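One structure is given below, encoded as structure tokens.
The values are calculated or read from the model by the stated rules, or taken from the named source; none is laboratory data. What you see is a predicted model, and the numbers here were worked out from it, not measured in a lab. Reconstructed Cβ throughout: ideal geometry from the backbone, glycine too, with neighbour counts over all protein chains shown. Calculation scope for accessible area: heavy atoms of the full protein, side chains included, ligands and nucleic acids excluded. Shrake-Rupley method; radii C 1.70, N 1.55, O 1.52, S 1.80 Å.
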Amino acid sequence: MRTLLAAAITIGLLASITHNVEAADTEEGFVSLFNGSDLSGWVKRGGSAKYRVEDGVIVGECVPNTPGNTFLCSDKEFGDFVLKLRYKFLESGNSGVQFRSASRDEGDRQRVFGYQAEIRPGGDMTGRIYDEGRRGHKHGIIWLDAFTPQERLDAAQESCRPGEWNDLEIQCVGPSIKTWLNGNLVVDIFDSFSMKGFIGLQIHSGETGSVAWKDIRVKDLGESQWQSFFVKNDDGEYGLDGARFVLPEEWSFTKDGVLHGVHAKSQGKDGLVISDDNFDNFIARVTYRMHGGNSALYFRAEETSAPWVLRGFQNEIANNGKDSALWHTAGIIDGNTIPGRGWIVTNDEFVEKVRNKDDQWNTTCTAAYGDRLVQTLNGFCTSDIIDEECEKTGKLGLQMHGGTDCEMYFKDFEVMPITKEMAKLIERE
């Protein structure tokens, strides 16, 4: 009898292992992150929850009245990837899947921080993106996907199967982050706060909670890289790479590589940094500090004979509620004024929440993908619009506005192009 029982257990375990491996093998390019028999390749961080392998699946169980969330983390990091897994709640609680995450020492434990795809027993909010240990709840903001249409969220949540196995998929391609619940698209955002990190299975602290995961497999797509317009040359001095100055006498680099610009009110022309190349689909970012005047991150702009040179979009830098707003400026071509469109989108009240004041650094980002234009300030999305009238390509630039006293500091100026290969994945529904 013992021999037959042992054989049955062995066969069942082998079947589970085989199923986990086959789930990856049957999908081209995917590899399994879980061998079905033990927790090799994973490390526990954070709180006191317990993880074990049971019948070929990973089970995580909350330990009541213990502090901190707990994470079973992959020992390998991933940048761009597609992650697929199945989960089931064995007992009520709260869970999630970390990705592009890291950890830091905090007291006597490691604090995990980074992106999290939420998982809840009834599907409520499952697949939404929360920033664990970093931006979560800052300024009273919980979800990074605040612009996700409610009807899409409702349709995805309705697909959830409480008490049964559910399929969760997470895709990161450059700045694009998408999630699916049981094949239904949940979140589709552009966010570049971190571009690489480990994957983790969360057990939330609380009174109860027990979750199982299986068929955990990933397709590693490499890592997208930022391209900087600021470079340190062989002589140790900093300069521009892939860009040029307009009114170069107004610009200089500090010994630490910060670009410093000073513009006088008597100068009617704009002081500019203009990219050599045009960019169509991309994300660009700049970290800035200003002392008076007016500035902007230009994108999809064309050079004209106007004193301000560039015509096109400005991600506004004004040191007030217009930071990260979209302005479309005019230009002069062949002596003819080509009008701009003025303000395309503003969000003053929200910007004042997330903007760092009192001479602090701020980071603004623009993601442009087809007709979709997304602005973020200090990691918070200020606008996400479809603009069918928008230019589809053009220059990137940094501005010091003419006709006003202006002093600017730019810590970085970077771009990450979205290639055709990346776009194929981003287009997935």
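How much accessible area per residue does the chain have, counting only protein heavy atoms and a probe of 1.4 Å, in square angstrom? The partial results should precede the final answer.
Numbers: 18540 Å² over 429 residues.
I get 43 Å² per residue for this part.
Distance check, please: which entries in 232/411; 178/424; 50/84; 84/196; 44/178; 44/76 exceed 20 angstrom between their Cα atoms? Write out the running numbers ahead of the final one.
Values: 232/411 13 Å; 178/424 13 Å; 50/84 23 Å; 84/196 17 Å; 44/178 26 Å; 44/76 13 Å.
The pairs that break the limit, which is 20 Å between Cα atoms, are 50/84; 44/178.
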I'd like the carbon and sulfur percentage of the solvent accessible area for segment 342-420, probe radius 1.4 Å, heavy atoms only, ligands and nucleic acids excluded.
46 percent
In whole µm²/s, the translational diffusion coefficient that Stokes-Einstein assigns to the chain, given a Kirkwood hydrodynamic radius over C-alpha pairs, 4 °C and 1.567 mPa s, equals 55 µm²/s
Of 295, 305, 390, which is farthest towards the positive pole of segment 262-401's charge dipole, taken about the Cα centre with +1 and -1 on the beta-carbons of Lys, Arg and Asp, Glu respectively?
295
Students sometimes get this wrong: rank 251, 361 by accessible area, probe 1.4 Å, all chains present, largest first.
361, 251
With n ≥ 4 as the cut-off for DSSP H runs, can you work out [θ] at 222 nm for the chain, using -39500 (n - 2.57) per run divided by the number of residues, rounded to the nearest 500?
-3500 deg cm²/dmol
If a/c stays under 1.5 just call it rounded; otherwise compare a/b with b/c (prolate if a/b is bigger, oblate if not). Do that for segment 305-419, with a ≥ b ≥ c from the square roots of the Cα gyration tensor eigenvalues.
oblate
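Sort 238, 51 from largest to smallest accessible area, using a 1.4 Å probe on the heavy atoms of the protein chains. Could the numbers behind the result be given before it?
Details: 238 65, 51 35 Å².
Descending accessible area places them as 238, 51.
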If packing is taken as the average count of other Cβ atoms within 10 Å, what order do 65-76, 29-40 fall into, highest mean first?
65-76, 29-40
To the nearest 20 Debye, how big is the dipole of segment 61-167 about its Cα centre, given +1 on the beta carbon of each Lys and Arg and -1 on that of each Asp and Glu?
180 debye
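When the accessible area of segment 171-210 is split by element with a 1.4 Å probe, what percent falls to carbon and sulfur?
Numbers: 400 of 860 Å².
The C+S portion of the solvent-accessible surface of segment 171-210 is 47 percent.
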